[in-house]
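Here is the structure we will look at, set down as structure tokens.
The values are calculated or read from the model by the stated rules, or taken from the named source; none is laboratory data. Everything quoted here is computed from the prediction, not taken from an experiment. Don't worry about glycine lacking a Cβ; one is built from the backbone with ideal geometry, like all the others, and counts go over all protein chains shown. Side chains included, ligands, DNA and RNA excluded: accessible areas come from the protein's heavy atoms. Shrake-Rupley method; radii C 1.70, N 1.55, O 1.52, S 1.80 Å.
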Amino acid sequence: MKKLLTIIIMSAMAVSALADEGMWIPMLLGRNEADMKKAGMRISAKDIYDINNACLKDAILLFGGGCTGEFVSNEGLLLTNHHCGYSYIVKHSTVEHDYLTNGFWAMNRTEEIPCPGLSVTRLVRMEDVTSRVLEGVTPQTSEGERATIIEGNINKITDEAVKGTHYKAIIKPFYYGNQYFMYVNEIFTDVRLVGAPPSNIGKFGGDTDNWMWPRHTGDFSMFRVYAGSDNKPAPYSADNKPYKPLKHLEISLKGIKEGDFTFVFGYPGTTQRYVTSDAVELAANIENPIRIDLRTIRLKHYNNAMNQSAGQRLKYASRVASIANGWKKWQGETQGINRLHGVDKKKEFERSFQQWANDKAEYRDVLPQLHQAYDKLRPIEVELTYFSEAVRASDFMGRAQSYLRLANEDNESEAAKLVSSLKEANNQYFSDFNLHTAVDRAIFVETFVYMWKAGYATYLGDAALGTDAIKAKLEKIYDGSMLNDKEKLRKFLDGYNTGKANKLKDDPGVKLYDQAISIARDAEKIASYGKAYADIQRLMRSYVKGMMEMQPDVNFFPDANLTLRVAYGHVEGFRPRDGVYYKPYSTLQGIMEKENPDIYDYVVEPKLKSLYYRQDYGRYGLLDPANRAAGPDMPVGFIATNHTTGGNSGSPVLDADGRLIGLNFDRCWEGTMSDLLFDPDYCRNICLDIRYCLFIIDKFAGAKHLVDEMTLID
Ligand code: ARG
Ligand code: ASP
């Protein structure tokens, strides 16, 4: 009886843990079909992925190297996020044509702007190649041999798969190498910028609203994919034609309501769903706090500078966006893990696993060995965290790295090449940053002091020295280094030859950097780290395999690995904390509530305001049937329970009929632990309502010709 009870409780736990959780493999979606239909889906798994017929998958693209995009017209028109197209919008912006600030709309095809370096990838087909990849691998094969065999097999299989075609194939491991899938892809490189709203729409709310709900960001941009006359990928040419996709998404104007079924189809980057309590503890309670503290220091100084002038704001904007993005996410992640008692939950599961494994030779030692491997990994991992978040925090140390490289180069002509690239970099650096030396100096000093206090920069002096002395020492290093002296550095580089290497090595900045990376010379440490890391990969392979044997009825989703996935759930609000309930959608009214002409991120364009005051929303507005007298409102964003992560940005959010209702672009802060632990009560993805996107294109930008290309369903 007791055993039966345990089984019931365990399987209930397994099922409830998986409600709404998961990023599923399109090819295997048949396994989820019944569940998806029960949740409200009206199309079939085959409508989503079908190897023989055009299907939704043909409309989904990997955008660049880390976002998702989707076709919305039969002429290659593509939607993604504003923050995904950001660097291309910036690249084409000048003071005269500031597309980033003012937006950009191609009013005809000739105005569309080529984006060299940008590619989009369409999945042609995928295949389970596990048995072929593991051919020749036996339980006795050593890890080293295993890797060699697998690499050889992968090369053979991918070569064969694309022979005689223009396709490219890659094979990726799933479940830590228990399974392998091949992806045969078609890559388009002629991609042109078509439209982007002004920043105060596309990035409305900026870093303050980032990772937060309620949200009002019009986070979208548009591109068009071009192909050769045979409709196949071709390098940029003025003669190329808009690509005719096999499938483009239909757009639903029906709107959303709480409880509606939704799914997200895109390219999630990385999750770590199956790691042990040690890994969760390391990330949430050891590494995140260090990273957060060190980034707090940097952000304090950058934000001060940015508040001083528009010029400084522009200079630091994009680096601050990326520093702040991680900084804020890690805070939410750590709070979320601890709120859920995530480490204890993992330990609880580990106890039940161990109980199950005790009489199985294959699995008995897996958890104890993983624990040992983490003990080895942890101290070095922390040291590396200090390296990337403190040592590399300042421009000064970033530059010191390049100069150390020069000092270590004894080939005269190689050194000359380095010198000329350093000179070029200096032109840029000193014209941009000489005004802000104080910012970089303060960041350098404070981050090193922080690291020294934690016992990680003992080369600066021992604890007896005291903080003030260390600070003074660091200031002296900064001020005494020729790297921070434009003229001295110019003269030195002008006369450089390898005979001057020692002088460079004696520079206090270069010297300090050299000391700070002593870990790189510690062969024993590096070997120990490499071994611990490899052990963890190997042991996780067994652990995950064991988990699946232990719970044969659970459909385990594989961790995200930047391959195409489907996540499904429904539109739903949530309670972020006691006494507060978040509705699942936001409207233009919220933009007006947030408006603040004095704060850059909350400026509202006069044109948008006038549309609001006139309630001029065209066919995109929302009329509350219960309150028609109030007139229409304009939906802006919504949240849902789809399991997403970085890389899902730009992914289409689809309804029960597979029609586009929104663009995924973020997650709610209270649920950012979802890469490690998913909680259906807190984890929500944030979506741009497609109607706001269309309203901006049509009514705000006057680019109705773009909407006319799309297939809208009322
Ligand atoms: N948090 C989102 C993501 O991780 C959006 C980041 C871009 N937006 C920003 N305000 N920094 O990519
Ligand atoms: N904002 C993320 C992205 O750019 C999405 C997320 O992390 O939820 O992919």
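Overview of values
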item	result
Subset tally (residues that are closer than 15 Å to Lys699 by Cα and either assigned to a helix (DSSP H, G or I) or open to solvent by 80 Å² or more (accessible area, probe 1.4 Å) (or both)) for region 602-622	12
Which numbered condition Lys329 fails, given (1) at pLDDT 95 or above; (2) open to solvent by 60 Å² or more (accessible area, probe 1.4 Å); (3) within 16 Å of ligand 1 (Cβ to nearest atom)	(2)
Strands (runs of 3 or more DSSP E) (entirely within region 623-714) containing at least 1 residues that are among the hydroxyl-bearing types (Ser, Thr, Tyr)	711-713
Residues located in region 212-245, provided they are out of contact with any strand residue (DSSP E or B) (no Cβ under 6 Å at 6 or more places or on another chain) and within 15 Å of ligand 1 (Cβ to nearest atom)	Met212, Thr217, Gly218
For Ala361: the one exception among (1) at pLDDT below 95; (2) of a type in the set (A, V, I, L, M, F, W, C); (3) open to solvent by 50 Å² or more (accessible area, probe 1.4 Å)	(1)
Output for region 525-548, where each listed residue is of a type in the set (D, E, K, R), closer than 12 Å to Lys376 by Cα and open to solvent by 40 Å² or more (accessible area, probe 1.4 Å)	Lys525, Lys531
Residue, nearest to ligand 1 (Cβ to nearest atom), within region 306-325, restricted to residues that are under 22 Å from Gly85 (Cα atoms) and surrounded by 16 or more Cβ atoms within 10 Å (Cβ to Cβ)	Asn325
All helices (runs of 4 or more DSSP H) inside region 410-515 with 2 or more residues being of a type in the set (Asp, Glu) and under 30 Å from Ile323 (Cβ atoms)	412-433, 437-453, 467-480
Glu151 vs. criteria farther than 17 Å from Pro242 by Cα, out of contact with any helix residue (DSSP H, G or I) (no Cβ under 8 Å at 6 or more places or on another chain) and either open to solvent by 60 Å² or more (accessible area, probe 1.4 Å) or in contact (Cβ under 8 Å) with a residue 40 or more places away in the chain (or both)	yes
Residue ID - farthest from Tyr600 (Cα to Cα), chosen from residues in region 309-332 that are basic (Lys, Arg) and more than 16 Å from ligand 2 (Cβ to nearest atom)	Arg319
Condition met for Val191 (touching a helix residue (DSSP H, G or I) at 6+ places or on another chain (Cβ under 8 Å), on the phi < 0 side of the Ramachandran plot, more than 16 Å from ligand 2 (Cβ to nearest atom) and open to solvent by less than 30 Å² (accessible area, probe 1.4 Å))	no
Every residue from region 488-511 that is under 11 Å from Asn426 (Cβ atoms) and either surrounded by fewer than 13 Cβ atoms within 10 Å (Cβ to Cβ) or of a type in the set (A, V, I, L, M) (or both)	Leu489, Leu493
Which numbered condition Ile599 misses (of (1) within 15 Å of ligand 1 (Cβ to nearest atom); (2) under 25 Å from Glu33 (Cβ atoms); (3) surrounded by fewer than 16 Cβ atoms within 10 Å (Cβ to Cβ))	(2)
First in region 624-635 and more than 17 Å from Glu593 (Cα to Cα), second anywhere and assigned to a helix (DSSP H, G or I), Cβ under 7 Å, 6 or more apart	Asp624/Ala630
Every residue from region 285-301 that is open to solvent by less than 20 Å² (accessible area, probe 1.4 Å) and under 16 Å from Glu383 (Cα atoms)	Glu287, Asn288, Ile290, Leu294
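Here's the yes/no breakdown for (1) at pLDDT 95 or above; (2) farther than 20 Å from His301 by Cβ; (3) surrounded by 14 or more Cβ atoms within 10 Å (Cβ to Cβ); (4) over 30 Å from the mean Cα position of the chain (by Cα):
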| residue | (1), (2), (3), (4) |
| --- | --- |
| Ile337 | yes, yes, yes, no |
| Leu370 | yes, yes, yes, no |
| Lys376 | yes, yes, yes, no |
| Ala400 | yes, no, yes, no |
| Leu422 | yes, yes, yes, yes |
| Tyr429 | no, no, yes, no |
| Asn434 | no, no, no, yes |
| Phe444 | yes, no, yes, no |
